[in-house]
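**Q** Got a structure here, written out as structure tokens. Questions coming.
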Amino acid sequence: MTGYKTIRLRRGKEESLLRFHPWVFSGAIDHADTDIEEGDTVRVVDSEGRLLGVGHYQIGSIAVRMLDNADTEIDEAFFARRLSEAWRLRTALGIKSSHTDAFRLVHGEGDFLPGLVVDIYGPTAVVQAHSPAMHFARNIIASALVNLPGAGIENVYYKSETTLPYKASLDPQNDYIVGSFAGDIATENGLKFHVDWLKGQKTGFFVDQRDNRALLERYSHGRRVLNMFCYTGGFSVYAMRGGAEKVTSVDSSAKAIALTRANVELNFPGDTRHDAAAEDAFRFLADMETGAYDLVVLDPPAFAKHRSAIRNALRGYQRLNARAIEKMAPGSFLFTFSCSQAITKEQFRLAVFSAAAQTGRKVRILHQLTQPADHPVNIYHPEGEYLKGLILYIE
Ligand code: SAH
């Protein structure tokens, strides 16, 4: 017995856990030991007292994130085991190579570590905790990361100031837990990128678009490419290598535009095919000349962060896509994405369908895209599938 405190579920509420879904909702709880605190590891039992497993407790609608279905001690050895399973999968995928050293090692529930994200940039791991208990475990996680055989992790940067529930008052400090700054250039499919994990969004780079960027490269030859919501310019740099005639990168953030310019310069010094504008997407599309681009990328931030925002978000996707489709040159490609977890594939497709219908143009779906294999989806936790994309052909 681990000696963890116990949470007992209401009758029948064990069913989703028996089907390996990793969340216990607060409404499913019948009784909790009185001195349980946010961030504790707890044992979860059914209404008859039978053990269902152990997990991390927090205050909120998701009350427990399950880690294992036995009475397992959640210590450094546990993290070492889970991390080595995660690393074994990445090794099997062949992701880390002389061409690529930026990838996701831990994708929360998809790697049986709910509440934890770890992205790797060369010798540096950037760790994000999304739950108080993962925050409390940050030091043993860091230690397990640098001791992970074969992964070559030397530095661990902890970055959870914006990912932890703010009500938990944990006051997390973004800082190195192990090592220190060891260069900021990562490689993806042979292209180089400055990754700003200190000040950038998320862990500094959107590794989840790797495969989709590679696909865009194939379609870029001779095209005039608009990369809307460019952030660090990932799609732009691939388009340049793909032989685009010109590439325009747009983002409302001046910092993102500076990063994009730096990344284009890093790979294609002095190349005049690229220009960039710090501008609002809707403003840019309103001012854009009709027919100016024949390949457009729309990769906006999550319009719906919560379920309550779904309706407005769908309207936002529809409006954005309609504005682009109506102005694209005949015979052009649209790469359009949604990274809102709260929005399903079907809902997103319907929003893009409505946008196309509004413009009255002939539109066909060529590819249906999703997140790459280093962002696996636990089949018992379909909520883990968040990235949706369509490549459309606009007559
Ligand atoms: N495509 C990028 C990731 C995009 S992240 C990649 O492959 O890495 C979303 C970006 O949208 C952020 O950089 C943010 O600054 C930008 N953004 C948010 N609102 C915007 C708006 N209204 N107009 C233009 N850019 C916006």
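The values are calculated or read from the model by the stated rules, or taken from the named source; none is laboratory data. Since we're looking at a predicted model, the values are computed, not measured. Cβ coordinates were reconstructed from backbone atoms using ideal geometry, including for glycine residues, and neighbour counts include every protein chain displayed. These accessible areas exclude ligands, DNA and RNA; they are computed on the full protein's heavy atoms, side chains included. Shrake-Rupley method; radii C 1.70, N 1.55, O 1.52, S 1.80 Å.
**Q** Exactly one of (1) within 12 Å of the ligand (Cβ to nearest atom); (2) of a type outside the set (Asp, Glu); (3) closer than 20 Å to MET328 by Cβ is unmet by ALA244. Its number?
**A** Of everything listed in (1) within 12 Å of the ligand (Cβ to nearest atom); (2) of a type outside the set (Asp, Glu); (3) closer than 20 Å to MET328 by Cβ, ALA244 misses just condition (1).
**Q** Looking at ALA281, ALA309, ALA286, ALA304 in this structure, which one is more than 9 Å from the ligand (Cβ to nearest atom) and modelled with pLDDT of 95 or more?
**A** Only one candidate qualifies: ALA286.
**Q** Kindly provide the set of residues from region 326-349 that are within 16 Å of the ligand (Cβ to nearest atom) and open to solvent by 70 Å² or more (accessible area, probe 1.4 Å), ordered by number.
**A** GLN341
**Q** Conditions: (1) over 24 Å from TYR386 (Cα atoms); (2) part of a loop (DSSP other than H, G, I, E, B). ILE343 meets all but one. Number of the miss?
**A** Failing condition for ILE343: (1).
**Q** Confirm whether SER220 is away from the ligand (no atom under 11 Å from the Cβ), touching a helix residue (DSSP H, G or I) at 6+ places or on another chain (Cβ under 8 Å) and among the small types (Gly, Ala, Ser).
**A** Values: away from the ligand (no atom under 11 Å from the Cβ): yes; touching a helix residue (DSSP H, G or I) at 6+ places or on another chain (Cβ under 8 Å): yes; among the small types (Gly, Ala, Ser): yes.
Spelling it out, SER220 is indeed away from the ligand (no atom under 11 Å from the Cβ), touching a helix residue (DSSP H, G or I) at 6+ places or on another chain (Cβ under 8 Å) and among the small types (Gly, Ala, Ser).
**Q** Is it the case, given these coordinates, that THR6 is open to solvent by 50 Å² or more (accessible area, probe 1.4 Å) and free of Cβ contacts under 8 Å to residues at least 40 places away in the same chain?
**A** no
**Q** Something else: Could you check region 289-301 and list, in sequence order, the residues that are away from the ligand (no atom under 15 Å from the Cβ) and open to solvent by less than 80 Å² (accessible area, probe 1.4 Å)?
**A** Our first condition is that a residue be away from the ligand (no atom under 15 Å from the Cβ); within region 289-301, this holds for 289-294.
Of everything in region 289-301, those that are away from the ligand (no atom under 15 Å from the Cβ) and open to solvent by less than 80 Å² (accessible area, probe 1.4 Å) turn out to be GLY291, ALA292, TYR293, ASP294.
**Q** Here is a follow-up. Can you name the condition, by its number, that VAL195 falls short on among (1) open to solvent by less than 40 Å² (accessible area, probe 1.4 Å); (2) at pLDDT below 95?
**A** (2)
**Q** Within region 223-236, which residues are more than 17 Å from the chain's Cα centre (by Cα) and either within 8 Å of the ligand (Cβ to nearest atom) or within 20 Å of GLN371 (Cβ to Cβ) (or both)? Can you show your working first?
**A** At the first step, the residues of region 223-236 found to be more than 17 Å from the chain's Cα centre (by Cα) are 223-228, 236.
Across region 223-236, the qualifying residues are ASN227, MET228.
**Q** Look through ILE141, ILE177 and report the one residue that is open to solvent by less than 10 Å² (accessible area, probe 1.4 Å) and aliphatic (A, V, I, L, M). Reasoning before the result, please.
**A** Numbers: ILE177 fails: open to solvent by less than 10 Å² (accessible area, probe 1.4 Å).
Checking each option against the conditions leaves just ILE141.
**Q** Please go through (1) within 22 Å of the chain's Cα centre (by Cα); (2) more than 24 Å from ILE95 (Cα to Cα); (3) open to solvent by less than 40 Å² (accessible area, probe 1.4 Å) for LEU390 and return the number of the only condition it doesn't satisfy.
**A** Among (1) within 22 Å of the chain's Cα centre (by Cα); (2) more than 24 Å from ILE95 (Cα to Cα); (3) open to solvent by less than 40 Å² (accessible area, probe 1.4 Å), the lone unmet condition for LEU390 is (2).
**Q** List pairs: first residue in region 190-216 and of a type in the set (A, V, I, L, M), second residue within 12 Å of the ligand (Cβ to nearest atom) and in a helix (DSSP H, G or I) anywhere in the structure, Cβ distance under 7 angstrom, at least six positions apart or on different chains.
**A** Listed pairs, sorted by first residue: LEU191/VAL237; LEU191/TYR238; ALA214/TYR238; LEU216/PHE235; LEU216/TYR238; LEU216/ALA239.
**Q** Output the residues belonging to region 252-278 that are within 16 Å of the ligand (Cβ to nearest atom), open to solvent by 20 Å² or more (accessible area, probe 1.4 Å) and of a type outside the set (A, V, I, L, M).
**A** SER252, SER253, LYS255, ARG261, ASN267, HIS274, ASP275
**Q** Six or more apart or on different chains, Cβ atoms under 7 Å: show the pairs whose first residue is in region 291-308 and farther than 20 Å from LEU226 by Cα and whose second is open to solvent by 10 Å² or more (accessible area, probe 1.4 Å).
**A** Hits for this filter: PHE303/GLY316; ALA304/ILE310; ALA304/ALA342; HIS306/ALA342; ARG307/ALA342.
**Q** Now for a different question. Consider ILE95 carefully, then state whether it is more than 30 Å from ALA214 (Cα to Cα) and either in contact (Cβ under 8 Å) with a residue 60 or more places away in the chain or open to solvent by less than 50 Å² (accessible area, probe 1.4 Å) (or both). Lay out the reasoning, then the answer.
**A** On the way: more than 30 Å from ALA214 (Cα to Cα): no; either in contact (Cβ under 8 Å) with a residue 60 or more places away in the chain or open to solvent by less than 50 Å² (accessible area, probe 1.4 Å) (or both): yes.
Considered against the rule, which asks whether it is more than 30 Å from ALA214 (Cα to Cα) and either in contact (Cβ under 8 Å) with a residue 60 or more places away in the chain or open to solvent by less than 50 Å² (accessible area, probe 1.4 Å) (or both), ILE95 comes out as no.
**Q** In this structure, is HIS381 farther than 19 Å from PHE206 by Cβ and open to solvent by less than 20 Å² (accessible area, probe 1.4 Å)?
**A** yes
**Q** Do we find that ALA322 is more than 14 Å from the ligand (Cβ to nearest atom), among the small types (Gly, Ala, Ser), in contact with a Ser or Thr (Cβ under 8 Å, 6 or more places away or on another chain) and touching a residue at least 24 places away in the same chain (Cβ under 8 Å) in this structure?
**A** Details: more than 14 Å from the ligand (Cβ to nearest atom): yes; among the small types (Gly, Ala, Ser): yes; in contact with a Ser or Thr (Cβ under 8 Å, 6 or more places away or on another chain): yes; touching a residue at least 24 places away in the same chain (Cβ under 8 Å): yes.
Yes: the conditions hold for ALA322.
**Q** Are there any pairs, at least 6 apart or on different chains, whose C-beta atoms fall under 7 Å, with the first in region 350-374 and open to solvent by less than 30 Å² (accessible area, probe 1.4 Å) and modelled with pLDDT of 95 or more and the second among the aromatic types (Phe, Trp, Tyr) and outside any helix (DSSP H, G or I), and if so, which?
**A** Once the first residue is open to solvent by less than 30 Å² (accessible area, probe 1.4 Å) and modelled with pLDDT of 95 or more and sits in region 350-374, its partners that are among the aromatic types (Phe, Trp, Tyr) and outside any helix (DSSP H, G or I) give GLN371/TYR386; ASP374/PHE103.
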